[in-house]
Amino acid sequence: MEFAVPSTDAGEVVVLELPVRDPSFDLEKAVCSHGLFMMAPNHWDPASRTLQRPLRLSSSSGAAATVRVRISHPSISGPILVSVAGAASFTSDEEQSLLAQVRRMMRISDENDRLIGEFHKVHADCRESGFGRIFRSPTLFEDMVKCILLCNCQWPRTLSMARALCELRLEVKHSSSPEGFHPNTPQPREKKRKHKERNKVSKKLETKFVENIAELSDIPDSELNRNCQPLDACNSSNSSHRVNHEVRDFPTPEELAALDPVFLANRCKLGYRAERIASLARSIVNGKLQLKHLEEPYDGFSASSYDLLDEKLSSFSGFGPFTRANVLMCMGFYQRVPVDSETIRHIRLVCTSFLLLYYFTIFSIKYSS
């Protein structure tokens, strides 16, 4: 359903309604369930509990227009509202295109509702907390590129690269010729951390942890509780993931395929990822990879379907086990947990911290008695 609301500074606002059948659906939990919601051009506003981002309208001419939408769910029993400012009305195709993209992001479909219902039967506490959906992008291409951006780097850099790609898309859009984006500049090599440096950092962290435990042991519990603040990116209005409203949409395969990987690496600080992203875009443009066929269900979300898709993805440059596991998770497969060197580093630090805490506690009990 489509209806108009009173005009604002941005012009008339058209509101589309997307019915939600799952009574456990929670927009905030559905959006803030995966780090992709923090990556440009997504913008989550915790104050109004709305997601804002650009979406593309379907077009028979091939030149799809971009509109900025505001997605909200004001009533638990009501529909999701997709508000578009500055638009008088939409054709039926355009309306369906926008709603299909929102459905994909929120995983709203009969099949997803069925799977989430089965999951909630096993984990009742997840139903009560609204957990069960994992946020994703409006297109599989955006998911695939963002999964490449997750590889072998820390989270702040991943966010920076995604933001740079959106800014680049705006530059390309306003450029009269793509050739202007092919400067002859050498591609910088990313510096690899040596094993020695890693060991040094690890030892320093472990030493610091021991020092911190010693300091914390002298602080009363009441003081610790007073100073502890929850780290919840979804509920912090001053979170670092807030993106500038001037940032435009994520680039299309056609836009990235036309760019020189050397320029792409320099402009967006992508390093070796630039060639992989450009190669993916070219594969889609030349028809070697057809995303619609890739997303078609084979045998539901079975292990055999997972293996088949995993094998297909492995034939493309840059799609190692970690990237493939992330992409497949975005597609609805959860057979494997995505794990890379950063994940292992965090797990190692957590395990080391628990071991140190355990031995420190034993040591304290032994010598205090």
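The values are calculated or read from the model by the stated rules, or taken from the named source; none is laboratory data. If you're wondering where the values come from, they're calculated on a predicted model, not measured in any experiment. Because the Cβ atoms are built from the backbone with ideal geometry, glycine has one as well, and the counts that use them run over all protein chains shown. Remember, those area values only see protein heavy atoms, side chains included, never the ligands or the DNA or RNA. Shrake-Rupley method; radii C 1.70, N 1.55, O 1.52, S 1.80 Å.
Apolar share of the accessible surface for segment 13-107: 51 percent from carbon plus sulfur atoms, 1.4 Å probe. Annotation: per residue accessible area for segment 109-159 equals 46 Å², rounded to a whole number [probe 1.4 Å, protein chains only].
Ranked highest first by average number of other Cβ atoms within 10 Å, how do 82-89, 311-318 line up? Mind dumping the intermediate values first?
Values: 82-89: 16.5, 311-318: 13.6.
For the peptides 82-89, 311-318, the packing ranking is 82-89, 311-318.
With 0.36 nm allotted per residue and the present C-alpha distance subtracted, the Ser317-Ser77 stretch has 81.9 nm of extension available.
If you sort Lys121, Lys288 by accessible surface, 1.4 Å probe, largest first, the order is Lys121, Lys288.
So what is the relative contact order for segment 13-107, in percent, with contacts set as C-alpha pairs under 8 Å and at least six apart? This gives 35 percent for segment 13-107. One equal scatterer on each Cα of segment 13-107, no solvent, Debye formula: the resulting log10 I(q)/I(0) at q = 0.18, 0.20, 0.24 Å⁻¹ is -0.83, -1.02, -1.40. Once both labels are positioned 7 Å from their Cα atoms along Cα-to-Cβ, the gap between Ser48 and His346 label points is 3.0 nm.
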